[in-house]
Amino acid sequence: MSRKLRSFHRVIGAILASFLLMFAITGVALNHSSQLKLDKRYVNWDWLMSQYGMGEVKPDIAFLIDNKIFSQFGNQLFLDATPLIHIERPLLGGIALEDIIVLTTDDALILFTREGEFIEKMGAEAGIPAPIQNIGLYHGEPVLQTRQSMWRSNFMLDTWEPISLQGVSWSMPHPLPQSVNTELKQFFYGKGISIQQLLLDIHNGHILGAIGIWLIDALSVLIIFLSLSGLWMWARRLG
């Protein structure tokens, strides 16, 4: 029995030694967090940010217009990684005219300058046909597809006429470029996880959530058991 207990001690001791080494290293680093400026250093690895609920940013939809990305996250409209305005309806598409960008929802057109400055919103009161399904260009002129028919206007967007056309260049969704994705991640999540926070969560087990807390408790119980059984074996040897 004593031999088996000693063997068990060696295995558990090796496990706990690794844990105590990690505990000591993170503890020393945290004690000198200010000097090491750990609260000002960040990591933003995708797998780590996912662990903190900071995964990849996924827009509801995005469109490439005039070499710029217009995307929607909930009610917020973005130009690349810059927030523009709030819109209550889903974004369906967009086109670039001579001096303006025209985005569309199912009930209105939203106009911006080429630099992304909001101009106005045009709905039924401006004669915009609805419900809109898509927007496109035909020889440089804006075309709307509604449930009932197709409509074409001029660059002023002031008159619309029903028409049947082939070869319209319809607006299509576009994936986020990696550069915009990176900027949006910083907009939503900041620079990432501070090294101080990461070390603290490793130190107390929170890096693994509820499981990590129970793991720390289990290792603590093992330390208590190992200490008591070691004292018992030492007492028996003295006896």
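When the charge dipole of the chain is built from unit charges on Cβ atoms (+1 for Lys and Arg, -1 for Asp and Glu) and taken about the Cα centre, the candidate among Pro173, Leu30, Ile128 whose Cα reaches farthest toward its positive end is Leu30. For the options Leu199, Leu109, Leu16, a Gaussian network treatment of the chain with springs between C-alpha atoms closer than 10 Å singles out Leu16 as fluctuating the most. Please check the chain for the longest run free of trypsin sites (Lys or Arg not before Pro) that are loop-located per DSSP (anything but H, G, I, E, B) and have at most 16 other Cβ atoms within 10 Å. Here the longest segment lacking exposed loop sites spans 42-113. For the chain, the number of Lys pairs separated by eight or more positions or lying on different chains, with C-alpha atoms closer than 21 Å, is 8.
For the stretch 61-189, the direction-averaged projected area of the alpha-carbon convex hull comes to 7.6 nm². Using C-alpha pairs below 8 Å separated by at least 6 residues, the relative contact order for the chain is 19 percent. The relative contact order of the stretch 4-135, computed from alpha carbon pairs under 8 Å that lie at least 6 residues apart in sequence, is 12 percent. Only helices enter the 222 nm calculation for the chain: every DSSP H run of n ≥ 4 contributes -39,500 (n - 2.57), and dividing by all residues gives -12500 deg cm²/dmol, rounded to 500. Computed over the stretch 18-88, relative contact order equals 13 percent, with contacts defined as Cα pairs under 8 Å that lie 6+ residues apart.
Based on protein heavy atoms only, the stretch 142-239 ends up with 66 Å² per residue of surface accessible to a 1.4 Å probe. Across Ala81, Ala96, Ala210, mean-square fluctuation computed from a Gaussian network of the chain (C-alpha pairs under 10 Å connected) peaks at Ala210.
Residues Ile25, Ile61, Ile12, ordered by accessible area of protein heavy atoms at a 1.4 angstrom probe radius and largest first, appear as Ile25, Ile61, Ile12. In the chain, excluding the sites themselves, the longest stretch lacking any of the GluC sites (Glu not before Pro) that are in a DSSP loop with at most 14 other Cβ atoms within 10 Å is 118-239.
Hydrophobic, long helices, defined as DSSP H runs whose alpha-carbon span along the helix axis is 24 Å or greater and whose mean Kyte-Doolittle value is at least -0.5, occur in the chain at 2-31, 210-238. For the stretch 57-206, a crude dipole built from +1 on the beta carbon of Lys and Arg and -1 on the beta carbon of Asp and Glu, taken about the Cα centre, is about 500 debye to the nearest 20. Let me know the shape class of the chain, please: from the alpha-carbon gyration tensor, a ≥ b ≥ c as square roots of the eigenvalues, rounded when a/c is under 1.5, otherwise prolate if a/b is greater than b/c, or oblate. Note, shape of the chain comes out prolate. GNM on the chain, alpha-carbon springs under 10 angstrom: the most fluctuating residue among Leu200, Leu228, Leu103 is Leu228.
The values are calculated or read from the model by the stated rules, or taken from the named source; none is laboratory data. The structure presented is a predicted model; accordingly, all values stated were derived computationally and were not measured. When we count neighbours, we look across all protein chains shown, and the Cβ atoms used for this are built from the backbone with ideal geometry, even at glycine. Side chains included, ligands, DNA and RNA excluded: accessible areas come from the protein's heavy atoms. Shrake-Rupley method; radii C 1.70, N 1.55, O 1.52, S 1.80 Å.
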